[in-house]
1. Looking only at segment 95-109, count every residue that is surrounded by fewer than 16 Cβ atoms within 10 Å (Cβ to Cβ) and either outside the structural domain of residue 150 (by TED's automatic domain parsing) or touching a helix residue (DSSP H, G or I) at 6+ places or on another chain (Cβ under 9 Å) (or both) and tell me the total.
2. If you go through segment 181-213, how many residues are part of a loop (DSSP other than H, G, I, E, B), surrounded by fewer than 18 Cβ atoms within 10 Å (Cβ to Cβ) and out of contact with any helix residue (DSSP H, G or I) (no Cβ under 9 Å at 6 or more places or on another chain)?
3. Tell me, please, whether a residue that is at pLDDT 85 or above, touching a strand residue (DSSP E or B) at 6+ places or on another chain (Cβ under 8 Å) and surrounded by 14 or more Cβ atoms within 10 Å (Cβ to Cβ) can be found in segment 39-57.
4. Can you confirm whether residue 24 is more than 25 Å from residue 80 (Cα to Cα), exposed (fewer than 14 other Cβ atoms within 10 Å of the Cβ), at pLDDT below 90 and in contact with a helix residue (DSSP H, G or I) (Cβ under 9 Å, 6 or more places away or on another chain)?
5. Would you be able to say whether some residue in segment 49-59 is touching a residue at least 60 places away in the same chain (Cβ under 8 Å) and at negative phi?
6. When both residues are 6+ apart or on different chains and their Cβ atoms are under 7 Å apart, which pairs have a first residue that lies in segment 128-147 and is more than 15 Å from residue 159 (Cβ to Cβ) and outside the structural domain of residue 105 (by TED's automatic domain parsing), and a second that is modelled with pLDDT under 90 and not in a helix (DSSP H, G or I)?
7. Could you check segment 72-82 and list, in sequence order, the residues that are closer than 21 Å to residue 98 by Cβ and either in contact with a helix residue (DSSP H, G or I) (Cβ under 7 Å, 6 or more places away or on another chain) or not assigned by TED's automatic domain parsing to the domain that holds residue 126 (or both)?
8. Any residue in segment 222-236 that is over 19 Å from residue 184 (Cα atoms) sitting within a Cβ distance under 8 Å of a residue that is modelled with pLDDT of 95 or more and surrounded by 14 or more Cβ atoms within 10 Å (Cβ to Cβ)? List the pairs, counting only those 6 or more apart or interchain.
């Protein structure tokens, strides 16, 4: 599909209300106004409803810039085939995806699918469950060297595999949240060594972190925001 630019939602000036009311067919709306409307919709609403309104709306719904950010965390969507919808949404981005937020439906194959098609991804928020293995996570994140923000929602995984994978594959990382992770000081040291741009690190409830040696000093010196294992999760 040929790439073209649509104005952002803040730059679109909708037509007078009377003019909109006089339109007898939604297909008569200007494309830029249709695009502005879709920016305000959840991605599932676009795929399941909005794109079916008419041919012109379907054409606008395929614009890649509409899919640069994908948020699939709404629990009301669990009745849908959410994995298929996620794949469809990623395909619509045509490689332009920069931010994606997912819950605990993610499998090894889905995360790999996203990583293989999202070389520009900058932000990943993920709730890890038993559907996603250590190996699957490590393999996928190794393909995301431009990632700047990684949020792994509360979960418990043994060992330093996740931390070492992050350290080896995400040199541009700036924001890292690892609540309830079971990484050790070894994993933390690897992250500090290999992620020189890191500014925000959240290690709340990471019970195996001891901050031995000079680790705490390094964290305080390197980071703008550092949340220790013993810090409260009340505001989480």
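The values are calculated or read from the model by the stated rules, or taken from the named source; none is laboratory data. Quantities reported herein were computed from a predicted structural model and do not represent experimental measurements. Reconstructed Cβ throughout: ideal geometry from the backbone, glycine too, with neighbour counts over all protein chains shown.
1. 3
2. Adding up the residues that qualify gives 2.
3. yes
4. no
5. No, that holds for no residue.
6. Correct list of pairs: empty, since none qualify.
7. 72 - this is the single residue of segment 72-82 that is closer than 21 Å to residue 98 by Cβ and either in contact with a helix residue (DSSP H, G or I) (Cβ under 7 Å, 6 or more places away or on another chain) or not assigned by TED's automatic domain parsing to the domain that holds residue 126 (or both).
8. Note: pairs meeting the criteria are 224/199; 224/200; 225/199; 225/200; 225/201; 225/202.
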